[in-house]
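Quick notes on the structure that follows.
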Amino acid sequence: MKPVDILTMNKTSWEQSAERFFGRTALPEFGPNAPSEDELHLFGDVNGKTVLDIGCGSGHSLAYMGNQGAGELWGLDLTTKQIEAATGVLRELNTTVKLFESPMEENPGLPMNHFDVVYSIYALGWTYDLKKTLSHVHSYLKPGGTFIFSWENPMHDRLQYRDGDFVMTKSYVTEGPEYNEGWNKSVVIHHRKLTTYINTLIQCGFTIEHVIDDVVIDIPSDNPERWYASQKAEWVPSTFIVKARKM
């Protein structure tokens, strides 16, 4: 499938589903069954800093940054509905807000060497071209700037609950675009090994500071067949988090 077809398909599905994800998986949370920023303190003091959210969704992570004192809030997202939602969520904040509707593989007019912090909460894995996206992120950051992202652990959807057991149903090592079962095959997401994320960051000029895949289960699931069931998280982490720096 061509990248333009993947973008069209995924954008259409997100436009239809945006309301369902309003306010979900947003800072200080990094993702399902994972420690939060309140525990990890990866961002440190963001007071007065210029921040960019890649895949800003409904704007709740940017609102968190604004409430922590960030000086400028920038965000981009693929979908019209998410940008509209974020505009509403951020309207009352007394700080500069600039939002762009754009694929993350393109620069819609973001300044180079401008941002202290770029982050992406459960969004980076949607890119069809990881190297191009990470190259853009690197160019947006000031020297010494921080990039933090979280995404679904690439082992997570390889494991499914069947007849009372969790079993491997797909190859972990075979990478490429796949119809995503969590979305009832209405979107295409690239499966990538964890090492692919790490090595691509390095190729794009980042220095890796932290890789986190700890599991925190606050509320046990009542159904092991749920996509992010706690029972599955006891076998394989749902989420991984990476902190990197532009040197």
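For the pair GLU92 and PHE22, what calculated FRET efficiency results from E = 1/(1 + (r/R0)^6), where r is the Cβ-Cβ distance and R0 = 22 Å, to the nearest 0.05? With R0 = 22 Å, the Cβ-Cβ based efficiency is 0.85.
If you fit an axis through the alpha-carbon atoms of helix 194-203 and take the longest principal axis of the Cα set of the chain, what angle between them do you get, 0 to 90°, nearest 10? Orientation of helix 194-203: about 30 degrees from the principal axis.
Here the Kirkwood formula puts the hydrodynamic radius of region 1-92 at 14.1 Å, using every distinct Cα pair.
Quick check: convex hull over the Cα atoms of region 48-91, volume per residue in Å³, rounded to an integer?
Output value, Cα hull per residue: 50 Å³.
In Å², what does the accessible area per residue of the chain work out to with a 1.4 Å probe?
46 Å²
Derived from the Cα gyration tensor, the three semi-axes of the equivalent ellipsoid of region 125-179 are 33, 13, 7 Å, largest first.
For the pair region 1-57 / region 150-180, the C-alpha centres are spaced 21 Å from each other. Looking only at LEU27, LEU40, LEU73, which one moves most when the chain is put into a Gaussian network model with springs between Cα atoms under 10 Å? Most flexible of the set in this elastic network: LEU40. Taking only Cα atoms, what is the 0 to 90° angle, nearest 10, from helix 130-140's long axis to the longest principal axis of the chain? It works out to around 20 degrees. Number of Lys-Lys pairs in the chain with C-alpha atoms under 19 Å apart and a separation of 8 or more places or on different chains: 28. Over region 141-237, all Cα pairs binned in 10 Å intervals from 0 give whole-percent P(r) values of 13, 39, 33, 13, 2, 0, listed from short to long.
Of ASP116, ASP129, ASP222, the residue with the greatest mean-square motion in the GNM of the chain, using alpha carbon springs below 10 Å, is ASP222. Computed from phi, the 3J(HN,Hα) profile of region 232-244 under the Karplus parametrisation 6.51, -1.76, 1.60 (θ = phi - 60°) reads 5, 5, 6, 9, 8, x, 6, 9, 10, 10, 10, 10, 9 Hz, with x in place of Gly and Pro.
The reciprocal of the average 1/r between distinct C-alpha atoms defines the Kirkwood hydrodynamic radius, which for the chain equals 18.4 Å. Quick one: what does P(r) look like for region 39-116 with 10 Å bins over all Cα pairs, in whole %? So the P(r) values, bin by bin, are 20, 53, 26, 1.
Running a GNM on the chain with Cα contacts under 10 Å, which residue among LYS131, LYS170, LYS11 ends up with the highest mean-square fluctuation? The residue with the greatest mean-square fluctuation here is LYS170. In the chain, what percentage of the DSSP-assigned beta bridges are antiparallel, given to the nearest 5? Around 50 percent of the beta bridges assigned by DSSP in the chain are antiparallel ones.
Determine the shape class of region 77-145: with a ≥ b ≥ c the square roots of the Cα gyration tensor eigenvalues, call it rounded for a/c under 1.5, and otherwise prolate if a/b is greater than b/c, oblate otherwise. It is oblate, given that a/c is not under 1.5 and a/b is not larger than b/c.
Taking the accessible area of region 48-195, probe 1.4 Å, and keeping the other protein chains in place, the carbon and sulfur fraction comes to 47%. Report note on the peptides 61-67, 171-177, 143-149, 201-207: ranked by the mean count of other C-beta atoms within 10 Å, highest first, their order is 61-67, 143-149, 201-207, 171-177.
The values are calculated or read from the model by the stated rules, or taken from the named source; none is laboratory data. Keep in mind it's a predicted model, so treat the numbers as computed, not measured. Because the Cβ atoms are built from the backbone with ideal geometry, glycine has one as well, and the counts that use them run over all protein chains shown. All accessible areas refer to the heavy atoms of the entire protein, side chains included, with ligands and DNA or RNA removed. Shrake-Rupley method; radii C 1.70, N 1.55, O 1.52, S 1.80 Å.
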